[in-house]
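For reference, the structure is listed below as structure tokens.
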Amino acid sequence: ADIMLEMGFKEEIDEILNSCPKDRSIWLFSATVKGGIEAIKRSHMKNPISVSVSRTEVGSKQVKQYYC
């Protein structure tokens, strides 16, 4: 998500999210959470939850990892 914002796609992201149903689920994946991501969370998400992982948590029993 942060790369799309850096590339100048903010208006397109807003347009897509504004045209989606209100009872939707949005998942944003970003290595960094910059101001643009925070703005999207505030304007398009209800009760957003952020999950962050540090090096000390990788491989711990508290983190479940899945792949498809």
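The values are calculated or read from the model by the stated rules, or taken from the named source; none is laboratory data. Computed from a predicted structure; not experimentally measured. Because the Cβ atoms are built from the backbone with ideal geometry, glycine has one as well, and the counts that use them run over all protein chains shown. Surface accessibility is based on the protein's heavy atoms, side chains included, excluding ligands, DNA and RNA. Shrake-Rupley method; radii C 1.70, N 1.55, O 1.52, S 1.80 Å.
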Loop chymotrypsin sites (Phe, Trp or Tyr not before Pro), segment 1-59, which have at most 12 other Cβ atoms in a 10 Å radius of their Cβ (DSSP): W27, F29
Formal net charge of residues neighbouring P48 (Cβ-Cβ distance under 9 Å; K, R +1; D, E -1): +3
Selection from V51, M4, I37, by position along the positive dipole direction of the chain (Cβ): V51
Cβ-placed point charges (K, R +1; D, E -1), dipole of the chain about Cα centre in debye, nearest 20: 440
Per residue accessible area in Å² of the chain, where ligands, DNA and RNA are left out and the probe is 1.4 Å: 92
The chain: angle of helix 10-19 to the longest principal axis, Cα-based, in degrees nearest 10: 80
Within-11-Å neighbourhood charge of K34 [Cβ basis; K, R +1; D, E -1]: -3
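Ignoring ligands, DNA and RNA, what percent of the 1.4 Å accessible area of the chain is carbon and sulfur?
57
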Under 5 Å, built H, 5+ apart or other chain: amide partners of F9: none
